[in-house]
C-alpha cells in the first residue's frame, strides 16, 4: 500500500474542530495530541515459525554445517534356514550416504540519517530508530515464515523448506545433496489432489493414518493448514457440538457460551492454522526429524552502525543478520498435502458463503 505523496494534515471541520480559516488558525498554533504508540497494520502472525524458533538448535561453522549420515539400505540380509544350518556368506553392503545442508543468510540493512537524531532529540513522540529496528526483526520473520512453505529449490540462497523436504522427486529432484531418483528412501510423502478429504473428521483421520503408514508407523507430531481449510475442518466438528443446561441452572453475566475451537486434534495429532500456509495445502510434521538450525554466531544479530561519511553522507548504516536453515533428516516422516478444496469464508453480508 502506497502512502500519500503529501503529509496528512490535521482534520478540520470534524467534531469539535471547526473548518475554514478558524480551523487552519487553530492548527497553526496548536500541537497535535499524539498517542505515543505505533500501531502496526501490515504483518501476519506466524505460529509455525514461532514453534520452530522456540525449539531451534545451534549450528557452528565448517563447510556443510549440517551433515547428516543417513542409512538408505540394509547392511544385512535375512534367510530361512534348513536342518543343515547353512547360510550365504555375508557381504559388505554400502548403505550410508551424507545429507548435507548449509546455513542460509538473511539480511536487512538499516539506515540512520544524522539529521534525524537532531530533529527528534527533544520533540520525539515515536523514536523512529526504535520503530525501524523493531520493523527489521518483524520483516525478517515474515520472510522466514513465507520461505517455510515455498519451493526454494531453484534459489540456492533461500531456506530448504517444508515443500522441499516432503517432496517425492516430482518438483524437487534432490534434497540435501542426495538425488531422489534411485533413492526412494529419501522421498517425502507428496499427496496431491486431496480434494475435500482433509476437511472432515473421518477424512482427516484417514489421511493421518496414511501418513503414519508412509512414515513406517511413526505418527506426525502436528499438522498445519491454511486458515480457510482449517475452518472448513472445524465446521465438521461443530456439527457435533451440544450445550447442556442442568435443572435449576442459569447463565450468569460472567458465564458465556463458547462455540468452536482454538485447536483441533484428530487421532491425538494437533492441527493448527497458519496464515502463511498456502491455500489448499497442509503439512504434517514429525519434529523428531525436522527442525530449525540457527548459527550460534548470527542467530539474529545486529552488526552495529558504521559511519557513511566516507561515502559523502552524514549517516550510519547497519545490518540485521540471521544465518539459519530448516533441516529434515527423514523426509518420509512427514507429508505435503495439496489440492485441498471445500474451504469457504462468509461474504461481507454474511448470507452466502464465498467458496475459495
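The values are calculated or read from the model by the stated rules, or taken from the named source; none is laboratory data. As the structure is a computational prediction, the values presented were derived from the model and not from experiment. Methodologically, a virtual Cβ is constructed for each residue, glycine included, from the backbone with ideal geometry; neighbour enumeration extends over all protein chains shown.
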Would it be correct to say that residue 276 is outside any strand (DSSP E or B) and under 28 Å from residue 343 (Cβ atoms)?
yes
Just to be sure before I move on: is residue 295 crowded, with 19+ Cβ neighbours inside 10 Å, over 29 Å from residue 207 (Cβ atoms) and either out of contact with any helix residue (DSSP H, G or I) (no Cβ under 9 Å at 6 or more places or on another chain) or at pLDDT 90 or above (or both) in the structure I sent?
yes
Among the residues that make up the range 95-117, is at least one of them surrounded by fewer than 19 Cβ atoms within 10 Å (Cβ to Cβ), out of contact with any strand residue (DSSP E or B) (no Cβ under 9 Å at 6 or more places or on another chain), closer than 25 Å to residue 297 by Cα and modelled with pLDDT of 90 or more?
no
Considering only residues that are closer than 25 Å to residue 63 by Cβ and either touching a strand residue (DSSP E or B) at 6+ places or on another chain (Cβ under 7 Å) or surrounded by fewer than 22 Cβ atoms within 10 Å (Cβ to Cβ) (or both), which ones fall in the range 168-180?
173, 174, 176, 177, 178, 179, 180
Any chance the range 77-90 includes a residue that's touching a residue at least 24 places away in the same chain (Cβ under 8 Å), farther than 30 Å from residue 224 by Cα and either touching a helix residue (DSSP H, G or I) at 6+ places or on another chain (Cβ under 9 Å) or part of a loop (DSSP other than H, G, I, E, B) (or both)?
no
Among the residues of the range 319-327, is any at positive phi and surrounded by fewer than 19 Cβ atoms within 10 Å (Cβ to Cβ)?
no
Looking only at residues in the range 229-273 that are under 30 Å from residue 142 (Cα atoms) and in a loop (DSSP other than H, G, I, E, B), which one is modelled with the highest pLDDT?
268
